[in-house]
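S.K.: Below is a structure I'd like to ask you about.
The values are calculated or read from the model by the stated rules, or taken from the named source; none is laboratory data. In this text the structure is predicted, and so the values were computed from the model without any measurement. Glycine also receives a Cβ, built like all others from the backbone with ideal geometry; neighbour counts cover every protein chain displayed. For the accessible areas, the whole protein counts, side chains as well, though only heavy atoms, and no ligand, DNA or RNA atoms are used. Shrake-Rupley method; radii C 1.70, N 1.55, O 1.52, S 1.80 Å.
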Amino acid sequence: MTTLILTKPDDMHLHLRDGDAMRSILPHTVRRFARAIVMPNLRPPIATTAQAIAYRERILSALPPESAFEPLMTLYLTDNTAPAEIVRARESGVVHAVKYYPAGATTNSDSGVTDIARCHGVLEAMERTGLPLLVHGEVTAAEVDVFDRERVFIDQVLVPLVARFTRLKVVVEHITTREAVRFVTAMPANVAATITAHHLLLNRNALFSAGVRPHHYCLPILKREVHRVALVEAALSGNPKFFLGTDSAPHSRAAKECVCGCAGVYTAHAAIELYAEAFGANDGLDRLEAFASAYGAHFYGLARNRDSLSLERRSWQVPEELELGSERLVPFRAGESVAWSIV
Ligand code: NCD
Ligand code: ZN
């Protein structure tokens, strides 16, 4: 198969940032995706419906003319989020989920939740209104190994959470382990997961191939090969609980290549092409469309997109750098090739 025609996909986990940085990266996503779930981890975070509405307006005004791209907004859950805010968010029609970052787990998560027990009133409101909870599933305790943080989070936080809020829609974001695949598979249909392209393509050796590779550093961190294989199996399984979310997370070259480099891999410039590579490498191209264009929309209660996107098996060279506002970023596969192109 050399050509693939897909219903235009949705990116169910994306970091768009703001201002000039957003304006320079937005075209990459718009070219490939009809909609995206936009992460709220700005500084300050998007913690209220009013902030989400204003952020959405900034995204819309940065779109290329005639673009029908639809940003699907999220709220950033804090210890102080009020249940009334959930009702406002739901009624707004533009907020599609609430993001739970354990405080300190990742980039711009210092206003995150210190103890999910503080949010039980909010979770009840979400369960009642049907607003999904998107989870960054990593514990932050210093004594827990960075490669074990997702597995421990599942046991310590997620298992009790889904047992208590049995009708709450939950997306375990950017899963990276076999244990997460098993957990999500075993849960009822209200629990789903997103999978990134880079976690389908790389194992943790990519962090240290012939030297340390800051541009492969993201959170949750890349894991062993057995885990990558489990993610590939989940993505290709045809199980609608697993769908596309790139977690494309731009940081400037300077912020990545320094003594304390930021977490985040930028894939938006080649996102669907990279997924096509991962699916193609595992004889699964026939299952890409459902993973990329159907299951996520269904979980979020959205109609399927009407536009389509054509890909062909033709390789192209990724630039060494791309613009990020007044700075530059190093994209995934910089200076190397990607096997699929958009027609
Ligand atoms: C994300 C970012 O840079 O905003 N970084 C990352 O490594 N994935 C935050 C996140 O989603 O964890
Ligand atoms: Zn993310």
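S.K.: Sort out for me the Cα centre separation of segment 215-255 from segment 293-317, rounded to whole Å.
M.R.: 18
S.K.: Give me the Debye-computed log₁₀ of I(q)/I(0) at q = 0.23 Å⁻¹ for segment 268-343, equal point scatterers on Cα only, no solvent, two decimals.
M.R.: Cα-only, vacuum Debye calculation for segment 268-343: -1.05.
S.K.: Helix hunt in the chain: which complete DSSP H runs extend at least 15 Å axially by C-alpha with mean Kyte-Doolittle at least -1.0? Write out the running numbers ahead of the final one.
M.R.: Values: long enough: 19-32 (21 Å, -0.54); 49-61 (18 Å, -0.05); 225-236 (16 Å, 0.91).
TM-like helix candidates: 19-32, 49-61, 225-236.
S.K.: Moving on. Set the Förster distance to 22 Å, then compute FRET efficiency between E91 and T140 from the Cβ-Cβ distance, nearest 0.05. Working shown, then result.
M.R.: On the way: r = 33 Å, r/R0 = 1.50.
Efficiency at R0 = 22 Å is approximately 0.10.
S.K.: I would also like to ask the following. Extent of the chain along each principal axis, from alpha carbon coordinates, in Å, largest to smallest?
M.R.: 51, 46, 41
S.K.: Which value in deg cm²/dmol, rounded to the nearest 500, describes the helix-derived mean residue ellipticity at 222 nm for the chain, given -39,500 (n - 2.57) per DSSP H run of n ≥ 4 and division by the residue count? Can you show the working numbers first?
M.R.: Values: 12 runs with 103 residues, N = 343.
Calculated from helices alone, the mean residue ellipticity at 222 nm is -8500 deg cm²/dmol.
S.K.: Turning to a different aspect of this structure: Taking amide hydrogens as modeled 1.01 Å from N in the peptide plane, which residues meet the under 5 Å criterion relative to R35, leaving out close sequence neighbours?
M.R.: Counting only residues 5 or more places away or on other chains, the set is D11, E70.
S.K.: Can you check what the net charge comes to around S24, using other residues whose Cβ is under 13 Å from the Cβ of S24 (Lys, Arg +1; Asp, Glu -1)? Could you put the intermediate results ahead of the total?
M.R.: Numbers: positive: R17, R23, R328; negative: D18, D20, E321, E323, E327.
Here the charged neighbours net out to -2.
S.K.: Roll a 1.4 angstrom probe over the protein heavy atoms and tell me the percent of accessible area of the chain that is carbon or sulfur. Intermediate results must be reported in sequence, preceding the final value.
M.R.: Numbers: 6870 of 13720 Å².
Exposed carbon and sulfur together represent 50 percent of the surface.
S.K.: Something else: Please compute the per residue accessible area over the chain with all protein chains in place, 1.4 Å probe, rounded to a whole number of Å².
M.R.: Working: 13720 Å² over 343 residues.
Per residue, the chain has an accessible area of 40 Å².
S.K.: Per residue of segment 38-46, in order, report the coupling 6.51 cos²θ - 1.76 cosθ + 1.60 (Karplus, θ = phi - 60°) as ³J(HN,Hα) in whole Hz, putting x for Gly and Pro.
M.R.: 9, 5, x, 7, 7, 10, x, x, 7
S.K.: Using alpha-carbon positions, what is the distance between the centroids of segment 133-171 and segment 21-71, in Å?
M.R.: 27
S.K.: Remind me, relative contact order of segment 114-253 in percent, using alpha carbon pairs under 8 angstrom and six or more residues apart? Don't skip to the answer; put the middle values down first.
M.R.: Details: 184 pairs, mean separation 33.3, N = 140.
The value is 24 percent.
S.K.: Say the cut-off is 21 Å between C-alpha atoms; which of K169/K223; K99/K169; K8/K223; K99/K241 go over it? Walk me through the numbers on the way to the answer.
M.R.: Numbers: K169/K223 26 Å; K99/K169 12 Å; K8/K223 30 Å; K99/K241 18 Å.
Over 21 Å apart, Cα to Cα: K169/K223; K8/K223.
S.K.: If packing is taken as the average count of other Cβ atoms within 10 Å, what order do 189-196, 87-94 fall into, highest mean first?
M.R.: Values: 189-196: 23.4, 87-94: 16.0.
Ranking the peptides 189-196, 87-94 by packing returns 189-196, 87-94.
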